[in-house]
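*Asks:* First the structure, which I've put down as structure tokens, then a few questions once you've had a look.
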Amino acid sequence: MKKPAADRILMFLKMRGEATSLLIAKELSITKEGARKHLLNLAQQGLIESAVKSEGVGRPSTYYTLTQKGLSQFPDTHAEVTVQLLKSVKNLLGENALDLLISDREKNTHERYEMSLSKTKSLEERLEALAEVRSKEGYMAEWKKEGKEYFLIENHCPICAAATECQGFCRAELSNFQSLIGKEYTVERVDHIISGGQRCVYKITR
């Protein structure tokens, strides 16, 4: 069953970061007027906001993005309970115990991902498999190539609250990506959700 247009617009903006009404209309296969109507309703609900951008010659374009309320439609996984547990571990057992917990999670995650990537040979195959397994875990992951550079993009972080409480989770993820993609490549995080970015972006270069 197809999701309502409003939900699909929110998902598209989550994945793209920003988009014009024309692009949204094309993506959803609806009329421009239909797209504008949905966008107006979403704006009135406080889920999206707009900004006018000048793009050289011609009239400026209006771009739509999700507000904080809109972003909250894509919640963290058991965020409150997770943060409470992390604080309890830290308070009762100390910082070292928290580091051990993260290291154990990193090891288990690496083993699972390694199995998913076991039959891949090229960098593109590895990125495709990694994006697929991360998407299944709620990260809305994709990859793209720009020139000689590759990018792994995660449009959502289902553990954002936990990562905000303890950034060791983010360091562990970056370490895992570097190991899985290969020593011949450099993996660098160039955008970060918990640092104010709309998504987490990893640049892969040789």
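Conditions (1) part of a helix (DSSP H, G or I); (2) at pLDDT below 85; (3) among the basic types (K, R), marked per residue:
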site	(1), (2), (3)
S50	no, no, no
G56	no, yes, no
K69	yes, yes, yes
Q84	yes, yes, no
K87	yes, yes, yes
N96	yes, yes, no
L100	yes, no, no
D104	yes, no, no
N108	yes, no, no
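*Asks:* Which ones in the range 1-28 are open to solvent by 60 Å² or more (accessible area, probe 1.4 Å) and assigned to a loop (DSSP other than H, G, I, E, B)?
*Replies:* Answer for the range 1-28, where residues must be open to solvent by 60 Å² or more (accessible area, probe 1.4 Å) and assigned to a loop (DSSP other than H, G, I, E, B): M1, K2, K3, P4, E18.
*Asks:* Suppose the filter is acidic (D, E), crowded, with 16+ Cβ neighbours inside 10 Å and in contact with a helix residue (DSSP H, G or I) (Cβ under 7 Å, 6 or more places away or on another chain); does E142 pass it?
*Replies:* Here the answer is yes, as E142 does meet what is asked.
*Asks:* Another question, if that's okay. Out of curiosity, is F177 open to solvent by less than 60 Å² (accessible area, probe 1.4 Å), out of contact with any His (no Cβ under 9 Å at 6 or more places or on another chain) and more than 24 Å from E95 (Cβ to Cβ)? Show your work before the answer.
*Replies:* Numbers: open to solvent by less than 60 Å² (accessible area, probe 1.4 Å): yes; out of contact with any His (no Cβ under 9 Å at 6 or more places or on another chain): yes; more than 24 Å from E95 (Cβ to Cβ): yes.
So F177 fits the description; yes.
*Asks:* Note down all Cβ pairs under 7 Å where the first residue falls in the range 29-46 and is outside any helix (DSSP H, G or I), the second is open to solvent by 100 Å² or more (accessible area, probe 1.4 Å), and they're at least six residues apart or on different chains.
*Replies:* These pairs meet every condition: G46/K69.
*Asks:* Which of the residues spanning the range 1-51 are aromatic (F, W, Y) and over 16 Å from L66 (Cα atoms)?
*Replies:* Step one: filter the range 1-51 for residues aromatic (F, W, Y), giving 12.
Selection gives nothing.
*Asks:* For K87, are the conditions met, namely being open to solvent by 60 Å² or more (accessible area, probe 1.4 Å) and free of Cβ contacts under 8 Å to residues at least 40 places away in the same chain? Break it down into steps so the answer makes sense when it comes.
*Replies:* Values: open to solvent by 60 Å² or more (accessible area, probe 1.4 Å): yes; free of Cβ contacts under 8 Å to residues at least 40 places away in the same chain: no.
Considered against the rule, which asks whether it is open to solvent by 60 Å² or more (accessible area, probe 1.4 Å) and free of Cβ contacts under 8 Å to residues at least 40 places away in the same chain, K87 comes out as no.
*Asks:* Would it be correct to say that E149 is open to solvent by less than 70 Å² (accessible area, probe 1.4 Å), of a type in the set (D, E) and under 13 Å from the mean Cα position of the chain (by Cα)?
*Replies:* no
*Asks:* Would you confirm whether any residue within the range 185-204 is in contact with a Phe, Trp or Tyr (Cβ under 6 Å, 6 or more places away or on another chain), on the phi < 0 side of the Ramachandran plot and part of a helix (DSSP H, G or I)?
*Replies:* no
*Asks:* Checking the condition open to solvent by less than 20 Å² (accessible area, probe 1.4 Å) and of a type in the set (D, E, K, R), which residue from R134, R59, R112 passes?
*Replies:* R134
*Asks:* Still on this structure, please answer the following. Counting just the residues of the range 152-162 that are open to solvent by less than 20 Å² (accessible area, probe 1.4 Å) and aliphatic (A, V, I, L, M), which one comes out modelled with the lowest pLDDT?
*Replies:* Result: A162.
*Asks:* Could I ask something else about it? Can you go through E188, E165 and tell me which one is open to solvent by 50 Å² or more (accessible area, probe 1.4 Å), at pLDDT below 90 and under 27 Å from L100 (Cα atoms)?
*Replies:* E165
The values are calculated or read from the model by the stated rules, or taken from the named source; none is laboratory data. The model shown is predicted, which means the values in this text are computed figures rather than measured ones. Heads up, the Cβs are rebuilt from the backbone with ideal geometry, glycines too, and the neighbour counts pull from every protein chain shown. What goes into the accessible areas is simple: the full protein's heavy atoms, side chains included, and nothing from ligands, DNA or RNA. Shrake-Rupley method; radii C 1.70, N 1.55, O 1.52, S 1.80 Å.
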